[in-house]
Structures are given as C-alpha cells and as structure tokens.
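As structure tokens, the structure follows; a few thoughts come after it.
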C-alpha cells in the first residue's frame, strides 16, 4: 500500500479559509442546541438537525433508533474500489453543572480571546462538525469525495455508550469500512498534533455493605458492632498495596508489554514532568515511583477510588457508628484485559476477603488498540502534516476510554483518534472551549485525511 508524498490541497484549504467566518457561525448555531444524554434534553432535536445537515451534503442519512438515544448514520459512496472511511463522533454532551462556575452561559456560545466557549464545543460537537464541513468543502471544490464515507454520530457516549456494542453488531453490514477515525479529546499537552492508536478500557463498580440495622452510638456499641466504613476500608486495603501494586489475584495476567515501535513512540513524546507536578502542586507521582510517566497512562491498568459514602460528615462531631457504607471505584483496563474477566476477579476477591460486601457492576468499556505499523498510519501522518504544518506525535494509547472496541473487536477495523481540540479545552468542566484556529485546522485535517486515504493504491 503506497501513497504519493505530496498532494495538492491548495484549492480546498483556500475554500476553508474563505469560509472561516460562516463556518464559525454555523458551529455556534450547532453548539447552542443542548443535547444532554444524561437528562434526555434536546437529543431528538439535535439528531434530526444532523440528519438534515448530512442529507444536504448528499449523504444518505437517518436517525436509527436504539433502546436508548438514536444513532445518526450516513453514507456516501463516490469511489467504488477505494477505501471507505468511517468518521465516528458523538452529539451528546455532559450536563453543564455547576452553572455558577461558567463565565458565560453554557448554551450561549461566546467568543473570547480566539476561543469559543460553550458546552460540547470541544467534546465533541466542534470536532465532528469539522468532519462535516470538510466533506462540504471537498464537494464544493471537487464535486465528489476522494474516498467512500460513513458517518456515525452517537447520542450516548457521555453516559458510557451502553448500546454501542449491540448497535454495531446488528448493523454490521451498514458499517463495512476500512478504518475508523475519531476526532475527540485534546491534542498533546505540548500543543503538538497527534494520532492516537488506542484507548484504555474502563470498568465501574460500587462496593456496598450493611452491618447493623441502624446507625448506633459509638460509645454504647463501639468495639461490639462492626463499623461498615471500616469494613470497606479494610477490604480496599487488600486490593492495592502501598507500593501501588493491585493485589487482586490474576489482575495483571493479560497485561501485555509494549512493542519496540510503541516504546520508540513513547520515547519521542515531549514531557515536562516538573512543570506538570508544579501545576498540580505535587511533590511526587503516585506509586510505584520508578514507573515512567507515559507507561502509567498507556500500558498499566489502575484501580481508582472515586468516593466513599457513609456515616456523618457534617459540621461538628457526631459520635455515630455507621451501619451502611459504599464506595465507588473505576478500573482502567489495558489491552488485552476484558471487563468481564476483571469483574469476575474483583468479585472473587471481595467474596474471599469480605463476603458480606456486595459488588455492583455499573458499566464498562473494553480497551482498544491498533498497531502503530498499520498501513493507514503513514497516509494519516502525511495528511495531518499537510493540513497543520507539523509532524504529529504518535501516541500508542490514550489514558481515557472511548467505545473504539466496538470497531476494533466487533468489526475488526483499525481505529484512530486525531484530536482537534486544545489541551486546555476544559471538557466535562465549566467554561469548556475550543480555539477557533484549531477548529479551522480540524476542517483542513479532515479534508486532507480523506484525500490522502483516497489516494492509497
């Protein structure tokens, strides 16, 4: 598989620059429309808006019902025999709370200092809208697309993509592509463009325990009745030791070492560790202290305590012996761990150490990985370089989670993430934003990727 080393995109880039202001105004129109999956607010309306946008571009588009919120699915085949690219994104957004922390209202998009502030602008509306405007720009300049195209926009990513695996399995025939590209998340914290080849998975659990029938006086009953919070604290202490090693039997059995190519990619990543520690006011990283920074985020699983609830935490003191307690945890998974296997190992560990504690599974995503030597990596690298004027960093895996496993494990497709948002986009937080220059670069990058992939022989 080869590509030309240079491809003329000057007409397309000139069109995008000439339409910079109209494109920004259309982005503003899009992000002012709430689509909060956790609340069901605006979902149907935004799905229909996207169907209309895609149909206007000449794609066959529909909002496909699921057991939850609809998937927007569109297709256009201009080049039989050439690669079919699937652009994936999600049109749902996080709730905007706390509202009082926003400088401008979350659904009243506002430009300040070259950035557009609005809920969902970076995660993920501005990024997948760049794909749509790239399609429009290519058609305006060349009347046809250089490759075949599928667009899949999900309405439940922010609530864990619970229906994505079923949808992909049921619509396998409509999702026949050669590769999947997602524009999501921030660029590398150095500000440099990047191509991400994988994501960690995630398993969320809750541990619950009930000891006595009610809270009791700690003087009258302390030392006699078990304390529910201590039950969980002792259990948690058996799950991870002070050196940072997770001590659940078999937890690391499926963990794979990085390949030589992956290690080379890690070595090439910029790292300002002392600045990061200073920004976060850290004196040291988490245990184990000798584990390299990027290895932690890409090649090692984690067990995180998200929060503990129980007893009294109000003002003053209340000498109570709590009867109930619960703790929420998430486990980040790496290739080739699976949520089912790890959940079974957690459940067995809890049964052995604290049989009266209940383990509740709350959601999961499997990890995903595409090899760095994929034949699509080089055309994508060339496309990013042509559009953004810099060589992108190659990142073996993101630390967070996306439903890429539905593509790589169910459909057997390579999946890549090419983020367009700035590193400080504040996604999931108040004052979410996207640099408008990066938005325009994203449109150019999407167009360049289609052209370079369409040029594959």
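Each reported figure results from applying straightforward, stated rules to the coordinates on display, with no laboratory input. From a predicted model like this one, the values you see are computed outputs, not experimental measurements. In this analysis, Cβ positions are derived from the backbone assuming ideal geometry, glycine residues included, and neighbour counts consider all displayed protein chains.
What angle, in degrees between 0 and 90 and rounded to the nearest 10, separates the Cα long axis of helix 228-237 from the longest principal axis of the Cα atoms of the chain?
Compared with the principal axis, the helix lies near 60 degrees.
Can you say what percent of the DSSP beta bridges in the chain, counting only those with both residues inside, are antiparallel? Round to 5.
70 percent
Could you please tell me the mean projected area of the C-alpha convex hull for the stretch 49-105, averaged over all directions and given in square nanometres to one decimal?
6.4 nm²
Of all alpha-carbon pairs in the stretch 115-233, indicate the percentage at a distance above 16 angstrom.
Here the long-distance tail beyond 16 Å is 78 percent of all Cα pairs in the stretch 115-233.
Return the ratio Rg/(2.2 N^0.38 Å) for the stretch 1-101, where Rg is computed over Cα atoms only.
Ratio of Cα Rg to 2.2 N^0.38 Å: 1.38.
Got a sec? How would 252, 117 order by Cβ neighbour count within 10 Å, fewest to most?
Ascending Cβ contact count within 10 Å gives the list 252, 117.
Rank these for me by crowding, 248, 456, 395, going from fewest to most other beta carbons within 10 Å.
The most exposed by this proxy come first: 456, 248, 395.
What number, rounded to the nearest 500 deg cm²/dmol, is the helix-based mean residue ellipticity at 222 nm of the chain, given -39500 (n - 2.57) per DSSP H run of at least four residues and division by all its residues?
Calculated mean residue ellipticity at 222 nm is -9500 deg cm²/dmol.
Write down Rg/Rh for the stretch 41-145, rounded to two decimals, with Rg from the C-alpha atoms and Rh from the Kirkwood relation over Cα pairs.
1.03
What percentages make up the Cα-Cα pair-distance distribution of the stretch 285-438 when the bins are 5 Å wide from 0?
1, 6, 11, 13, 15, 16, 13, 9, 6, 4, 3, 2, 1, 0
Rounded if a/c is under 1.5, else prolate if a/b beats b/c, else oblate: with a ≥ b ≥ c from the C-alpha gyration tensor eigenvalues square-rooted, which is the stretch 359-443?
oblate
Test of understanding: ordering 229, 16 by Cβ neighbours within 10 Å, fewest first, what list do you get?
229, 16
What angle, in degrees between 0 and 90 and rounded to the nearest 10, separates the Cα long axis of helix 436-454 from the longest principal axis of the Cα atoms of the chain?
Relative to the chain, helix 436-454 is tipped by roughly 70 degrees.
Which of the following values of Kirkwood radius over Cα pairs in Å was calculated from the structure shown: (1) 23.8; (2) 22.3; (3) 22.9?
After the calculation, the listed value that fits is (1).
Using only the alpha-carbon atoms of the stretch 157-196 as identical scatterers, what base-10 log of I(q)/I(0) does the Debye formula give at q = 0.20, 0.28, 0.35 Å⁻¹?
Cα-only, vacuum Debye calculation for the stretch 157-196: -0.82, -1.00, -1.13.
Among rounded, prolate and oblate, which fits the stretch 336-408 when a ≥ b ≥ c are the square roots of the eigenvalues of its C-alpha gyration tensor, a/c under 1.5 means rounded, and a/b larger than b/c means prolate?
prolate
Does the stretch 115-166 classify as rounded, prolate or oblate by the C-alpha gyration tensor (a ≥ b ≥ c root eigenvalues; a/c under 1.5 gives rounded; else a/b over b/c gives prolate, otherwise oblate)?
Oblate shape, in that a/c is at least 1.5 and b/c is the bigger or equal ratio.
Output the 0 to 90 degree angle, nearest 10, between the alpha-carbon long axis of helix 43-56 and the longest principal axis computed from the alpha carbons of the chain.
That works out to roughly 20 degrees.
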